[in-house]
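In what follows, a single structure is set out as structure tokens and then discussed.
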Amino acid sequence: MADSEITGRGNWNSKLGFILAAAGSAVGLGNIWRFPTEAASNGGGAFLLIYLVCCFLIGYPVMMAEIGIGRRTGKNPVGAFKALSSNKLYPLIGMWGVLCGVMILSFYTVVAGWTVSYVFEEIFFAAGMTGWATWIADTSNGWLNALFAVAFMACTISIIRSGVSNGIEKATKTLMPLLFIVLFILIGYVITQPGSGEGLAVYLQPDFSEVTPGLVFAAMGQAFFSLSLGMGALITYGSYLSRKENVPQAAALVTFTDTLVAFLAGLLIIPAMYMAQAQGISIFDSAGDLIAGPALIFQVLPALFHDLGGVLGVVFGVTFFMLLSVAALTSTISLLEVPVSYAIDEFKIKRKDAALYIGLGILAISIVIAFNTGLIGTIDLIFSQVGLPLGGIMICLFLSYVWKTDKALDELELGNNNFRNSIVGKTWKVFIMFICPVVILYNLLSALGLF
């Protein structure tokens, strides 16, 4: 079914389209600059194992819940809660998710723009234009930040305006395979270089002496953030899913794909860091911890690419930052689709207009942030580190005690007749009612320093 010109609602042309789009929503810069160093600094293979278990024990049940809510109602996050309860308070859960998506996109666009600027930085440096390279990589330059944010948002708006099947699905069917191809190429090169073996050992060898309750909860928190839960993106994407599709299976494939990308990112980043150390580049901060986050991506790794020099350095550098740009774009697509679907459903605005005007409105916030990047940490704390877990808890509680898990199980059985009697089906109810909200709440309070 093609997207309607009037409402802009549509559906996925295939299960693969949904899986790649949903996985693309989950895959983002955090998979590449946060997860690898988190794993390497917390027991390596032991953390990986615990993280994998947490993804499927905590993230997977919540993901099924969100997709199930979306498919059952065929609506955006706000409309979904309206459809499932007559109480006017519950749509606020969906509205919180929409707000979180908008605010996260407002700063994410700026950071995504940096990944594009560094593509040019690598080219300029290789061409001997070091002055230009330094200038274009200056993330404190508000005008440059704004310019690249505009370019990135323009690309995102263009995809969303094209619709679900002709825009989001087509884009992610290209971007996600491209992401995997680039990852494999870069990993293939890095793991053969001096110093990378030490990085592989740090990343993959399990150190179970590091396993503590704090480590387990850290892995749980990373799993939740990694899967793009709590902001309504998967409710929105689920609303475009055919009622014939197997939701538990689709959610499992999305969880697996996102986890695989995170694992592969570690295979690239940690060996590359130790490869950089072999070149004399410092990879530890003043506290003796591995450098992580933006400092890793925009300082340590560019220094490595510059040291490689020649054609190899520029090819490696450009390819790496193109990889980051692809990962960022798959996330910005879903972040913009959440408020756009809300405007389409609730206000009957045409998709092209909704995508353009909402995108421009968010871009206005992004430009403010571009000139004051110190706002990024505050917005991230409120709407990502606090907002997403809070949204996840509210979704679990709503499904458990308002919509009721039995009705949710009826929905999950469409396309999977034996789900209720399967091991996953029998345990899902317990996880979504008790275990998931308690664990997510603990992580939220821990992140706030209350535990």
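Please treat every number below as a calculation from the coordinates, not as lab data. Just so it is clear, the model here is predicted, and its values are computed rather than measured. Cβ coordinates were reconstructed from backbone atoms using ideal geometry, including for glycine residues, and neighbour counts include every protein chain displayed.
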Segment 119-176 - Rg (one decimal) and Dmax (whole number), Cα, Å: 15.6, 44
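Based on the Kirkwood radius over alpha-carbon pairs, what value in µm²/s does the Stokes-Einstein equation return for the translational diffusion coefficient of segment 309-451 at 20 °C and 1.002 mPa s?
Estimated diffusion coefficient is 111 µm²/s.
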Between helix 15-26 and the chain: long-axis angle, C-alpha atoms, 0 to 90°, nearest 10: 60
Simple label model, 7 Å out from Cα along Cβ direction - THR174 to SER86, nm: 4.9
Over the chain: helical MRE at 222 nm, DSSP H runs n ≥ 4 each giving -39500 (n - 2.57), nearest 500: -22500 deg cm²/dmol
Cα-based Kirkwood hydrodynamic radius, segment 228-326, one decimal, Å: 16.3
Pairs from LYS82/LYS350; LYS244/LYS429; LYS15/LYS404; LYS75/LYS170; LYS82/LYS348 whose Cα-Cα separation, in the structure shown, is over 24 Å: LYS15/LYS404
Convex hull projection area averaged over all views, segment 15-447, Cα basis, nm²: 19.6
Alpha carbon centroid spacing (whole Å) that separates segment 14-71 from segment 346-377: 26
Spherically averaged projected area of segment 139-290 from its Cα convex hull (nm²): 13.1
Using alpha-carbon coordinates, inclination of helix 45-54 to the longest axis of the chain, degrees: 20
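I want to verify the translational diffusion coefficient of segment 1-120 in µm²/s; compute it with Stokes-Einstein, Rh as the Kirkwood radius over Cα pairs, at 20 °C and 1.002 mPa s.
On the way: Rh = 17.5 Å.
Translational D for this selection: 122 µm²/s.
Defining a contact as two alpha carbons under 8 Å apart and six or more residues distant in sequence, what relative contact order in percent does segment 170-286 show? Could you put the intermediate results ahead of the total?
On the way: 59 pairs, mean separation 63.9, N = 117.
Answer for segment 170-286 is 55 percent.
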Size of electric dipole in the chain: Cβ of Lys, Arg +1 and of Asp, Glu -1, about Cα centre, debye, nearest 20: 1680
